[in-house]
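Colleague: One structure is given below, represented as structure tokens, and several questions about it will come after.
The values are calculated or read from the model by the stated rules, or taken from the named source; none is laboratory data. The shown structure was predicted, so the numbers you read here are calculated from the model rather than taken from an experiment. Heads up, the Cβs are rebuilt from the backbone with ideal geometry, glycines too, and the neighbour counts pull from every protein chain shown. All accessible areas refer to the heavy atoms of the entire protein, side chains included, with ligands and DNA or RNA removed. Shrake-Rupley method; radii C 1.70, N 1.55, O 1.52, S 1.80 Å.
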Amino acid sequence: MPHMLITGANRGIGLEHTRVLLSRGWHVSAACRNPDQASELKKLDPGDGRLAVLAYDAGQADAAETLKAKVKGPIDILFANAGMMGPKEQSFGSSDFDAMTRTIQVNALAPLKLAEAFADQVAKSQMKVIALQSSRMGSIADNDSGGRYAYRASKAALNAIGKSLSVDLKSKGIVTLIFHPGWVRTDMGGPNGNLTVNECVEGQLDLIARANPAMNGRFFHVSGEDLDW
Ligand SMILES: NC(=O)c1ccc[n+]([C@@H]2O[C@H](COP(=O)([O-])OP(=O)(O)OC[C@H]3O[C@@H](n4cnc5c(N)ncnc54)[C@H](OP(=O)(O)O)[C@@H]3O)[C@@H](O)[C@H]2O)c1
């Protein structure tokens, strides 16, 4: 049975990935900050042992290692999806040192710690994919509106980390994909996004199903278009 480990599984895009893969017969290790409050996630439980709901706080340095103790066996898709927008105020002149640091920890450093903890289990799977939920807001080439210092810097850092992972894990046969999910109607994306969570997830899973060495280390829009860094 194929297996996905995904973070931020209690709502938004991560919840929909979990729902879709469970409906396809997968085993999903669904990591979230507060399992006790993850009622939407728990409702998806088919009751046959294929869903494991696991505690994971991306802001904790040892979170990936703690999770590793609970996730056994090969992992076909490791999806570092959890992310935060960061402080409310992110315009020039209002940078908040601690809040920016925390945003970079959650959005960029936590995915690296996950890859370090789970690369060997991904390498033992059939699909061997690490997917990083980045954002076009992390593209330096695409930035023509400024601001959003914490979020942009954190996703640019994630992109740099993803590129290095693609080089360092290539010899293990792992394909690292860096995604912009599109503008998706979630708590983060807001009500005006142009994609539903299902459209986003079906698109991402189609791309992952086609993962091959030629896609390793590339930054993809959910449409499959390559994005500039
Ligand atoms: N929606 C969009 O248009 C869009 C566009 C570009 C990129 N993205 C990226 O897509 C990913 C998913 O976003 P979404 O749209 O689904 O947003 P969302 O509905 O706000 O969900 C964010 C998820 O990340 C989790 N999370 C945040 N901080 C965490 C932490 N410290 N530890 C563990 N989990 C944490 C949240 O858990 P809690 O419930 O515990 O907070 C939640 O499950 C993010 O990385 C985001 O940057 C989204």
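Colleague: Could you identify the single residue in Q133, Q126 that is in contact (Cβ under 8 Å) with a residue 60 or more places away in the chain and away from the ligand (no atom under 16 Å from the Cβ)? Outline the logic, then answer.
Modeller: Working: Q133 fails: away from the ligand (no atom under 16 Å from the Cβ).
Checking each option against the conditions leaves just Q126.
Colleague: Let me ask something additional. Report, by residue number, each residue of the range 47-80 that is open to solvent by less than 70 Å² (accessible area, probe 1.4 Å), under 23 Å from I161 (Cβ atoms) and either among the small types (G, A, S) or in contact with a Gly (Cβ under 7 Å, 6 or more places away or on another chain) (or both).
Modeller: Within the range 47-80, A58, G59, A63, A64, A80 meet the criteria.
Colleague: What residue, among those in the range 81-126 that are over 19 Å from the mean Cα position of the chain (by Cα) and closer than 26 Å to H3 by Cα, is surrounded by the fewest Cβ atoms within 10 Å (Cβ to Cβ)?
Modeller: In this case the residue turns out to be Q126.
Colleague: Could you please find all residues in the range 65-86 being among the aliphatic types (A, V, I, L, M) and away from the ligand (no atom under 11 Å from the Cβ)? Before the answer, list the steps.
Modeller: Start the filter on the range 65-86 by keeping residues that are among the aliphatic types (A, V, I, L, M), which leaves 67, 69, 71, 75, 77-78, 80, 82, 84-85.
Across the range 65-86, the qualifying residues are A69, V71, I75, I77, L78.
Colleague: I would also like to ask the following. Which members of the range 163-185 meet the condition of being among the hydroxyl-bearing types (S, T, Y) and either surrounded by fewer than 21 Cβ atoms within 10 Å (Cβ to Cβ) or part of a helix (DSSP H, G or I) (or both)?
Modeller: Selection gives S164, S166, S171.
Colleague: Six or more apart or on different chains, Cβ under 9 Å: which pairs go from a residue in the range 144-155 that's modelled with pLDDT of 95 or more and assigned to a loop (DSSP other than H, G, I, E, B) to one that's open to solvent by 20 Å² or more (accessible area, probe 1.4 Å) and more than 15 Å from the ligand (Cβ to nearest atom)? Could you list them?
Modeller: Partner pairs satisfying both residue conditions: G146/S91; G146/F92; G147/S91; G147/F92; R148/S91.
Colleague: Select, from G189, G182, G173, G203, the only residue that is touching a Cys at 6+ places or on another chain (Cβ under 6 Å) and small (G, A, S).
Modeller: G182
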